[in-house]
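Below is one structure, written out as structure tokens, with a few remarks after it.
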Amino acid sequence: MKFITHNLKNTEEIVKKTIEVLKNGGLVVFPSDTVYGLLVDAKNQKAVEKLIKFKNRPPGKPISVFVPNLEMMEKYVSVDNRKKHLLKELIPGPFTVILESKHKVESLLESEKGTLGVRIPDYPLITKLVGVFAAPVTATSANLSGRSPHYSVESLINELGKDKKEFIDLVIDAGKLPRNKPSTIIDLTEPKVRILRKGEIIFDRENTFVSENPQATGKLGEFILAKYHDPKSIRPLAIIIEGDLGAGKTVLVKGMGRKLGIENIVSPTYVIYYEYGSFYHFDLYQIEEVDELRNLGIEKLLKKGNILVFEWGEKVAELYGLLKNKADIVYIKIEYINEKKRKIIVKL
Amino acid sequence: MKILAIETSCDETAVAVVEGRRVLSNVIYSQVLIHKKWGGVVPSLAKRAHEEKIDYVISEATKKFPLEELDAVAVTQGPGLAVALEVGIKRAKELADKYDKKLISINHLEGHLYSPFVQNSRGSPAIEFEFPYLGLVISGGHTEIVRFKNHLDYEVIGSTIDDAAGEAIDKAAKLLGLGYPGGPVMETLAKQGKNKDSFNFPRPMLHSRDLNFSFSGLKTSFYYFLKKNPPKNASEIRQLASSFQEAVFDTIIKKTEKAIIITGINRLIIGGGVSANLYLRKKLRDLVKKHNGKVLFPSFKYLTGDNAAMIGVVASYKANEGIYVEDRQSLDRIPRMSL
């Protein structure tokens, strides 16, 4: 068992070393956007058997695979236009989608019905690795069947006996991962979308997510920002958030900020907006008239690279007119289901 | 050493001349009437009002103390409203250049922490510093617990993670149809309601191990409570105001007590607009009594709100240490400045 610690500079080396091991049918412990995972070449029967044996996984239980993009996904599972539309909401992100397999990976990974779970993570190290490898790799959590997943290499290794350790060829150590739950598993093979496992972010149906607590709303904020913020876009990003008092708008924005490394976001109601570098957090709760909106000087902020988030943005109809043509707009609506639970709808 | 201090972080255009801790002149142009109809501070209006009034306020404050005879210019750099801070900073730079004075930049929160030590022109009150203190800044825009170790030496040990305490009270007042600013009217109604806690609204994060505050959950639960049970008469409004205020103050008191226990510091300094609330003052006095400590409030009522006198007093201590702005041109406002 070899160890490599991931740092800012050794991405290339990690990709190269991991691919060498995968090509030889080896088993790699690898970090992800959720928990530590176990990677083997999804087309290599011996490697998959080794993985199943390591995990003590009962036969017949399917194992998902990582792919780097939609293009590769379409080679391995059937994606019709309706599903493609849905998938665009979910990738990249902490979701595993189950689709009809095209039977090009090791059959042990598929379910008895011939379906396959695929996942495009929001984790550049994996998408890069799988892209260079040019074939899917397994995406199962690095733990023995029935045990909890691991957020650090140390806790995983401590769980393993000597015989198990011998299975592992390479460990990529990225330190302690944030405590994100394993991915949400969504079955798209039937007419009605079914959630088989709840992760951090729960997908309800097209454009719609369910948050069961403020932490999950924050995670969804991170997810939405990562998904819709394209640093290469020539236009600024404007996010309009509609939701009743106490729906969790600021919690969502705090999540967005966290994704950008901004940790000190608080409610801007008292002063209408706060700026954090190129991230502007508005609260239009107090704004009643169009004149006031004009006086905020929003036009001046509509520059490439800026992100403008508006709580209560729907209150002033003119805001949309102001942003239209000048910004990429994401519209989010938060609905109250009960004390803790919220429905969150994202529209472009 | 005489210092001209300018403060335009939010909705007060304020200028003062101070010498050490003594305030020689102090002028505040309050914009509260401008913002009242909007139910909160509107940045563009604040900016315009600051621009319109700042020269007048400066000239009033310097009537007996001509700028030529002063030693330095101090200005609030943040936190606050970006467009409002800009007005004061721009004018401070211009004056410093024109009269060839040194420039001092001040954190608004430092000002609130020094507000109990601000003296009138005759040097009253004459209290001395007894460091360390636990400082609490409680206002519409801030809720912070600070370990105030020595002059100009602070460590924030707790703050709000969402709404400020004063903001939460303002929002509750708005929901009850009481207008803006909500603090004074909530205090009055709560008092009429005998400060009773009839509804026992939630106190978020009261049991968290840290010293941070959260008032967003309280606001949410208040909002949905009102939706289901709209108040039927004035007496019910009083009970609601009283219960809401109690939930906020109870949280402040319990977290402050936790801070006293953790730090072992039993001398408190209270600043910010919410510290004008007499009922909160009573609660804080009871708290320090229990811990054999002391509590200091802003020495004069005008010092609870935003003002330039407290900015000037901090500037005096900075000047004593020789801390001036080195590169004037690059001095910029920091809207989310922390201590």
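What to note about this one:
- Residue, surrounded by the most Cβ atoms within 10 Å (Cβ to Cβ), within region B:172-202, restricted to residues that are of a type outside the set (D, E, K, R), within 11 Å of another protein chain (Cβ to nearest Cβ) and closer than 21 Å to B:Gly305 by Cα: B:Ala172
- Among the helices (runs of 4 or more DSSP H) confined to region A:111-165, the ones with at least 2 residues that are under 17 Å from A:Ala47 (Cα atoms) and touching a helix residue (DSSP H, G or I) at 6+ places or on another chain (Cβ under 9 Å) are located at A:124-133, A:162-165.
Results for (1) closer than 14 Å to A:Lys340 by Cβ; (2) part of a helix (DSSP H, G or I); (3) not charged (D, E, K, R), shown as yes or no for each residue.
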{"site": "A:Ala216", "(1), (2), (3)": "yes, yes, yes"}
{"site": "A:Leu225", "(1), (2), (3)": "no, yes, yes"}
{"site": "A:Arg235", "(1), (2), (3)": "no, no, no"}
{"site": "A:Ala238", "(1), (2), (3)": "no, no, yes"}
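- Qualifying residues in region B:136-157 (those that are over 16 Å from B:Phe249 (Cα atoms) and either in the same structural domain as B:Glu12 (by TED's automatic domain parsing) or of a type in the set (Asp, Glu) (or both)) - the one surrounded by the most Cβ atoms within 10 Å (Cβ to Cβ): B:Glu155
- Of all residues in region A:45-66, those that are in a loop (DSSP other than H, G, I, E, B) and either surrounded by fewer than 17 Cβ atoms within 10 Å (Cβ to Cβ) or among the acidic types (Asp, Glu) (or both) total 5.
- Residues within region A:77-96 that are in contact with a strand residue (DSSP E or B) (Cβ under 8 Å, 6 or more places away or on another chain) and within 21 Å of A:Leu125 (Cβ to Cβ), tallied: 4
- Residues of region A:225-248 satisfying the condition of being within 14 Å of chain B (Cβ to nearest Cβ) and more than 23 Å from A:Asn213 (Cα to Cα): none
- Residues located in region B:191-217, provided they are in a helix (DSSP H, G or I) and within 22 Å of the chain's Cα centre (by Cα): B:Ser216
- Scan of region B:117-171 for residues that are in a strand (DSSP E or B), in contact with a helix residue (DSSP H, G or I) (Cβ under 7 Å, 6 or more places away or on another chain), within 14 Å of chain A (Cβ to nearest Cβ) and among the β-branched types (Val, Ile, Thr), ordered by number: B:Val137, B:Ile138, B:Thr143
- Taken over region B:5-59, the criterion of being without any contact (Cβ under 8 Å) to a residue 12 or more places away in the chain and basic (Lys, Arg) is satisfied by B:Lys37, B:Arg48.
- Residues located in region A:337-348, provided they are surrounded by 18 or more Cβ atoms within 10 Å (Cβ to Cβ) and within 14 Å of chain B (Cβ to nearest Cβ): A:Arg342
- Here B:Ser299 does not qualify as touching a Pro at 6+ places or on another chain (Cβ under 8 Å), more than 23 Å from B:His207 (Cα to Cα) and in a helix (DSSP H, G or I).
- Selection of region A:1-29 for residues being among the polar types (S, T, N, Q) and over 25 Å from the mean Cα position of the chain (by Cα) yields only A:Asn24.
- Residue match in region A:88-97 (condition: surrounded by 21 or more Cβ atoms within 10 Å (Cβ to Cβ), among the hydroxyl-bearing types (Ser, Thr, Tyr) and touching a residue at least 60 places away in the same chain (Cβ under 8 Å)): yes
- Test: residue in region B:224-245 that is touching a residue at least 40 places away in the same chain (Cβ under 8 Å) and within 14 Å of chain A (Cβ to nearest Cβ): yes
- Number of residues in region B:294-336 that are more than 14 Å from the chain's Cα centre (by Cα) and within 14 Å of chain A (Cβ to nearest Cβ): the value is 5.
- Selection from region A:283-329 of residues that are more than 13 Å from chain B (Cβ to nearest Cβ), within 21 Å of A:Leu245 (Cβ to Cβ) and not aliphatic (A, V, I, L, M): A:Phe310, A:Gly313, A:Glu314
- Residue in region B:208-223 that is surrounded by the most Cβ atoms within 10 Å (Cβ to Cβ), counting only those that are of a type in the set (Gly, Ala, Ser) and at the interface with another protein chain (Cβ under 8 Å from one of its Cβ atoms): B:Ser216
- Residue within region A:291-301 that is farther than 15 Å from B:Ser44 by Cβ, at pLDDT 85 or above and either not assigned by TED's automatic domain parsing to the domain that holds A:Gly218 or not in a loop (DSSP other than H, G, I, E, B) (or both) present: no
- Taking each residue of region B:186-208 that is without any contact (Cβ under 8 Å) to a residue 60 or more places away in the chain and within 16 Å of B:Leu280 (Cα to Cα) and looking for partners that are small (Gly, Ala, Ser) and surrounded by fewer than 17 Cβ atoms within 10 Å (Cβ to Cβ) with beta-carbon atoms closer than 9 Å, six or more apart or interchain, yields B:Leu189/B:Ala234; B:Gln192/B:Ala234; B:Gln192/B:Ser235; B:Gly193/B:Ser235.
- Hits in region A:255-282 (condition: within 9 Å of another protein chain (Cβ to nearest Cβ) and outside any loop (DSSP other than H, G, I, E, B)): A:Thr269, A:Tyr270, A:Val271, A:Tyr273, A:Tyr274, A:Glu275, A:Tyr276
- Here B:Arg238 passes the criteria (1) within 23 Å of the chain's Cα centre (by Cα); (2) buried (at least 17 other Cβ atoms within 10 Å of the Cβ); (3) of a type in the set (D, E, K, R) except the one numbered (1).
- Residues of region B:246-276 that turn out to be in contact (Cβ under 8 Å) with a residue 40 or more places away in the chain, at positive phi and more than 22 Å from the chain's Cα centre (by Cα), as a count: 0
The values are calculated or read from the model by the stated rules, or taken from the named source; none is laboratory data. Please read all numbers here as calculations on a predicted model, not as lab measurements. Backbone-built Cβ (ideal geometry, glycine too); neighbour counts: all protein chains shown.
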